[in-house]
């Protein structure tokens, strides 16, 4: 698969992570290219979140290599991941309800003008960013509490984009959303691809995955269990891989156990 | 006049003409012009974003009642007294506003004020320190106490309620210790400290000049903001609104100056208190530190993930609160020309907290402003002063102050619900 045109922005090989007696990830390979949306799917406990957290610098993997733009990197903290250009939108969004959209977007990285905050520049920049995403936010000066779920997701994603990342990871971006709002967020993910970002989406919703992803990576019980191009696969095939009806046994599994 | 369109040089993703960039969404109920502004302000109030309106209404009711019961309440002399009386506890309340914005509490502000009063009196009178040094020592002792609170809070995660409850007792002990056996240290009445708090008033001319300066500052900053917003292609406030705001402020300040100048004049201490409040309001609303405080008060986890050093925010706010409490203690000693064992005890502490809450700072964190300390303390001190004039027992005063505080908390909780329903934070 590595033969396709652009080299991956982010690639991981042989990543393993163990929590006590549980082998959460064993020998997992994963990669994502610029301008590509990769859906990471799998049943509960398959290791999706553990993998995302390894990329985001939240959990350190026990073994394996991570390459960013072809160079091997060590991601030791969330801040380090952000500095590399990896932005993560967590499921709980982490927005301050009492602050308005502009304040939330620039939280922690405000534009200042002397000792004071430069609200005008921040508001202008917010509109530019939200327009670019064709985001439907009626006003950036209303508190985030008054936004709909989809709009809150939009703000969280826009916030992730402020740091000019190369990789954006979205954890269950449509989990709590209604039909129209889901549509809005899926459209937004498409526009991230148009911006030539590498996008990783965790989702349980197969319809959404088929609608938005280019490639689907299936994890099962902490191992790779198949990789599909959305164009040449079906929901049934992916569901089969998730549930284990189809097993893509990786050939190098048994020795990995012995090495620990 | 306010929608002048500057030449657009931005990389043109926007249509070249039409409403400002922030009013493009067709779902936004755009309100333009003076009447539109008034309509949207009316809507803001109805949907629970009431700001300080209930306090101001409450204050008017309180003043009318007291004025009817005893006309001396609204005499120039009594109002000057009121303006002096409210400053020390108002300063404590200002510190309390900061911890409340974080969703924390400080129950020990009164004890810290007592310690500071004792320190300034003992070092200045008994030990012969220069006055400036004595004041500095008192204020720094407050900062140090706040530092201890912050460190304990960050290190052990003990609720601030408990830490400051312990501090309330412990620093009452320190206060007694510093005062020594006599228990009272009188500060000479002719010392600059006591003179500042009791005998320094602005001549009417100076007061009026300050009023004009304040109004001009509001006018110019409003116009400058409009200019910058217009050149950034954002909506602007109608010029009429900016002018009316400045004139309104000027009218209120001039009326207050006129009344107070019928007696001794505007107390310098009161003017400085208002200036400090204005600076703190700017600090909370328009600086990084203030924004960090609001973020931590709103959602600690979000603030942490945004890269804000949450522990540093907690530490700095506990230090700020205790420092203001100490400053208030110095002013208490100055106003009473003495520090004794009861300075800062009794209802001082609870009045400071009540003032912050009555003024509109939420107990739940993330909502409020520095001005709530001013508004709240005017209410509290008016009640206290008015009941004194009626020769009512302090038992009645406690009961009434308690009920007013309860009312303020009820308003806080109900407007919070209404805001949530109307989709405002």
For this session: Output the number of residues of the range A:122-140 satisfying the condition of being over 24 Å from residue A:193 (Cα atoms) and more than 7 Å from chain B (Cβ to nearest Cβ).
Result: 1
Problem set entry | Residue that is farthest from residue B:307 (Cα to Cα) [pool: residues in the range A:100-118 that are part of a loop (DSSP other than H, G, I, E, B) and more than 7 Å from chain B (Cβ to nearest Cβ)] | A:114
Seminar exercise, completed: (1) part of a loop (DSSP other than H, G, I, E, B); (2) closer than 20 Å to residue A:191 by Cβ all hold for residue A:152 apart from (1)
Exercise. More than 10 Å from every other protein chain (Cβ to nearest Cβ), in contact with a helix residue (DSSP H, G or I) (Cβ under 8 Å, 6 or more places away or on another chain) and at pLDDT 90 or above: does that describe residue A:75?
Worked result: no
Problem set entry | All positions within the range A:224-249 that are part of a strand (DSSP E or B) and on the phi < 0 side of the Ramachandran plot | A:224, A:225, A:227, A:228, A:229
Exercise. Considering the range A:208-223 alone, what residues qualify as being in a strand (DSSP E or B) and either out of contact with any strand residue (DSSP E or B) (no Cβ under 9 Å at 6 or more places or on another chain) or surrounded by 21 or more Cβ atoms within 10 Å (Cβ to Cβ) (or both)?
Worked result: A:216, A:217, A:218, A:219, A:220, A:223
Exercise. Hey, any hits in the range A:183-198 for a residue that's within 14 Å of chain B (Cβ to nearest Cβ), part of a loop (DSSP other than H, G, I, E, B) and surrounded by fewer than 21 Cβ atoms within 10 Å (Cβ to Cβ)?
Worked result: yes
Seminar exercise, completed: residue B:264 vs (1) closer than 30 Å to residue B:199 by Cβ; (2) within 14 Å of chain A (Cβ to nearest Cβ); (3) in a loop (DSSP other than H, G, I, E, B): all pass except (2)
Exercise. Any residue in the range B:34-43 that is touching a helix residue (DSSP H, G or I) at 6+ places or on another chain (Cβ under 8 Å) and at pLDDT below 95?
Worked result: yes
Problem set entry | Failed condition for residue B:359, given (1) surrounded by fewer than 22 Cβ atoms within 10 Å (Cβ to Cβ); (2) away from chain A (no Cβ under 14 Å) | (1)
Exercise. Of the residues B:210, B:179, B:260, which is buried (at least 16 other Cβ atoms within 10 Å of the Cβ), in the same structural domain as residue B:328 (by TED's automatic domain parsing) and in contact (Cβ under 8 Å) with a residue 40 or more places away in the chain?
Worked result: B:179
Exercise. Based on what the data block shows, is residue B:415 touching a residue at least 60 places away in the same chain (Cβ under 8 Å) and within 21 Å of residue B:294 (Cβ to Cβ)?
Worked result: yes
Exercise. Hey, does the range A:56-63 have a residue that's part of a helix (DSSP H, G or I), at negative phi and crowded, with 20+ Cβ neighbours inside 10 Å?
Worked result: yes
For this session: Kindly indicate whether residue B:284 is more than 9 Å from chain A (Cβ to nearest Cβ), under 15 Å from the mean Cα position of the chain (by Cα) and under 20 Å from residue B:91 (Cβ atoms).
Result: yes
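The values are calculated or read from the model by the stated rules, or taken from the named source; none is laboratory data. Computed from a predicted model, the values in this text were never measured in an experiment. Reconstructed Cβ throughout: ideal geometry from the backbone, glycine too, with neighbour counts over all protein chains shown.
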